[in-house]
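Only one structure is covered here, and it is reproduced in the block below.
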Amino acid sequence: MTGRETPVRVFLVDDHALFRAGVRAELDSITDEVDVVGEAGSVAEAVVGINHVRPDVVLLDVHMPDGGGAEVLRQVRTSLPEVVFLALSVSDAAEDVIAVIRAGARGYVTKTISSQELVRAVVRVSEGDAVFSPRLAGFVLDAFADRPGAAPISDPELDLLTPRERDVLRLLARGYAYKEIASELFISVKTVETHVSSVLRKTQLSNRYELSRWASDRRLV
Amino acid sequence: MNPNTARVTIGGVTSQVVETVDRQPAAARQTRYPEPVRRRRGGRVVAGVAGGVADHLGVDVFWVRAVFAALTALNGVGIVAYGLLWLFVPQRDAAEPERASGSSKERQQALGLVALGIGAAVFSGLLAGPVSGWIVGPLAVALVGAAVVWREADEAQRRRWRDGAKSGLLGSGRSALWRILAGVALVAIGIGVLLVNSYGIDQLRFALLAVVATLGGVAVLTVPLWIKLINDLGEERRVRIRTEERAEIAAHLHDSVLQTLALIQKQSENPREVKRLARGQERQLREWLYGRNVEDNNQPTTLSAAIAKASGEVEDHFALTVQQVVVGDCELDPNLLALVQAAREAMVNAAKHAGVAEISVYGEVEPERVTVFVRDRGKGFDPDTVPEDRHGLADSIRGRMDRHGGEVRLRTTPGEGTEVQLYMPLHMPRSGNGSGKIGSGK
């Protein structure tokens, strides 16, 4: 976590050129910790661009025509496992966001995030951490809520959050920063990050059936 | 769901264009040609044929009815003419203005004429020869039955116009079904009696069998045709619904989003106001696109919708961001309403006193209780030093929660912000099997 000697190379994927231009301008102006090395406006463009540029971090829009962020992940992830994806979305629909997380994104932030926070999030995912916004924490809690009458889960080891992870997520959803969560729960920031990362892993691995049922319960699909 | 209503508020020019496009066919009909015959909708006795003819010719409806009655006496010509006109003359559109409908006196008069006409027909039939006596009787019964069924079809059509495509082919309601069945029975009895009288029971049985067999054969042969027809109908309806929905969205965008954008351009030197407008519009649009948990009168019915609404109001009033996340959902009851109001008061306090640009609101519905946290990273305060005359926390939050069996906890440190924690026990079963939804927000 010491200062980086080379900036994080970032690739932007968003179908709105105006938004790309805005993010690019902000990221370039406020810091030299990150360096925008390319951008794309569609799934096909993104796949070609990412394969060509090989960035450290891809800022990935969730909502795009022809498949969205999840489709980009599907096409790139196996060939370039070292590239880290961070979902950046304006979407309110939980199933979009969860789909991208499940496809392998390392975190999710909303488009209303401030530039400083975005830079911090980019640096953090590039170092291997997961980044959750309060909203994503809410989505995940909702997805894993043990509701009465829910269908039996096939692999409990995989699908349930530990009470500690649940506590961390709740505090995240309440708007606490990692540091504040750490002091609230009397654990180290590193432990908080570990919990969050394992939540992310469980989200990615939790069985498809449960999630699709959850989405259809809410008439999302 | 009517696109017309949503379009009228902004931009006089555009909305006028829309209106003229919609009204054009009707206008063309009225101006270019003399008005065609249209059956009346109001003040009718059987099907509005006489009224329509009277409107067309510009004479009193009484005389038209009298002519029909007189023609009926001539071997029932009047009835046949009336029936044909009923078949081929369309009814007035529901939207077209209606002439003043007839008084009860006129109605009585018309009924008298109908009775007179039928009586005359029967009488002339009896006079014409001994044969027609037992023909005319059953025939009259069958005609009455047909009239009942046809009239019901008119009613069903009118209902469809009124309700949109909601009702089915025969309209809704049991009474409609009964009327149709009664009409069918009358027709069947009339024809049956006629046939029995003419041919005798045995032949009739054979004929009936043949007819049923033929009908069955035709039904089986045309099954693919029916299925295709039904599918086409469904497809057409789906396309139409989608088009209507799109028109509604377009109207909404047109209405409020463009208006907000225009306002933002005008206020561009006032960033606070710009933010407020943009946020309000964003929230409205989200609610409109994703959230449907609101009743017609715009009152939220679920906890997440209520919290979203309260957050939105605070955002609007104080020009700050309320980051709002709700996990799970349930129907509102008086206790939860009090909880939402207390949460709103907590948000208002934070907005007024904390001096921050963002407040976090987190709600969670658990099986046995509902919790709401309102948190800011602002000034914070020392609860012991709050002056006695400040009622916000004491009355609006603590008092309200106490009265409804809830609980309030407060965490605050000067310089580190405040968190108001609200707990409300939940007694009723949760709505549905996990009908939870993350409320709209950022």
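The values are calculated or read from the model by the stated rules, or taken from the named source; none is laboratory data. Quick caveat: nothing in here was measured; it's all calculated off a predicted structure. We place every Cβ from the backbone using ideal geometry, glycine too, and count neighbours over all the protein chains shown. Remember, those area values only see protein heavy atoms, side chains included, never the ligands or the DNA or RNA. Shrake-Rupley method; radii C 1.70, N 1.55, O 1.52, S 1.80 Å.
Residues that are within 13 Å of chain B (Cβ to nearest Cβ), open to solvent by less than 20 Å² (accessible area, probe 1.4 Å) and either hydrophobic (A, V, I, L, M, F, W, C) or not in a helix (DSSP H, G or I) (or both) do occur in region A:118-133, at least one of them.
Out of A:ARG170, A:ARG124, one residue alone is under 24 Å from A:VAL13 (Cβ atoms), under 18 Å from the mean Cα position of the chain (by Cα) and at pLDDT 85 or above. It is A:ARG124. Answer yes if at least one residue in region B:332-348 is within 14 Å of chain A (Cβ to nearest Cβ) and under 12 Å from B:MET424 (Cα atoms), and no otherwise. Yes, region B:332-348 has at least one match. Being surrounded by 20 or more Cβ atoms within 10 Å (Cβ to Cβ), within 25 Å of A:THR112 (Cβ to Cβ), touching a residue at least 40 places away in the same chain (Cβ under 8 Å) and not assigned by the TED database to the domain that holds B:HIS353 is a condition met by at least one residue of region B:277-284. Kindly indicate the residue of region B:309-349 that is open to solvent by 10 Å² or more (accessible area, probe 1.4 Å) and hydrophobic (A, V, I, L, M, F, W, C) and also nearest to the chain's Cα centre (by Cα) among those meeting that condition. Filtering first and then ranking leaves B:LEU332.
A single member of B:GLU244, B:GLU273 is among the charged types (D, E, K, R), open to solvent by 40 Å² or more (accessible area, probe 1.4 Å), assigned to a helix (DSSP H, G or I) and touching a helix residue (DSSP H, G or I) at 6+ places or on another chain (Cβ under 7 Å), and it is B:GLU244. Annotation note: of B:ALA251, B:ALA182, B:ALA176, the sole residue that is assigned to a helix (DSSP H, G or I), modelled with pLDDT of 80 or more, surrounded by 13 or more Cβ atoms within 10 Å (Cβ to Cβ) and touching a helix residue (DSSP H, G or I) at 6+ places or on another chain (Cβ under 8 Å) is B:ALA182.
For region B:207-246, the set of residues classified as among the basic types (Lys, Arg) and touching a Phe, Trp or Tyr at 6+ places or on another chain (Cβ under 8 Å) is empty.
Of the residues B:ASN231, B:ASN197, the single one that is at pLDDT below 80, open to solvent by 60 Å² or more (accessible area, probe 1.4 Å) and part of a helix (DSSP H, G or I) is B:ASN197. Note on region B:350-370: among residues that are more than 9 Å from every other protein chain (Cβ to nearest Cβ) and touching a Phe, Trp or Tyr at 6+ places or on another chain (Cβ under 7 Å), the one that is least open to solvent (accessible area, probe 1.4 Å) is B:ALA351. Filter region A:93-110 down to residues that are facing another protein chain (nearest Cβ under 10 Å), more than 12 Å from A:LEU60 (Cα to Cα) and buried (at least 20 other Cβ atoms within 10 Å of the Cβ), then give me how many there are. Here the count works out to 1. Every listed requirement among (1) among the hydroxyl-bearing types (Ser, Thr, Tyr); (2) in contact (Cβ under 8 Å) with a residue 40 or more places away in the chain; (3) closer than 20 Å to A:ALA130 by Cβ is met by A:SER89 save one, (2).
Condition check: in contact with a Ser or Thr (Cβ under 7 Å, 6 or more places away or on another chain), open to solvent by 10 Å² or more (accessible area, probe 1.4 Å) and either within 13 Å of chain A (Cβ to nearest Cβ) or at pLDDT 90 or above (or both). Does B:GLU287 satisfy that?
Judged against the criteria, B:GLU287 is a match.
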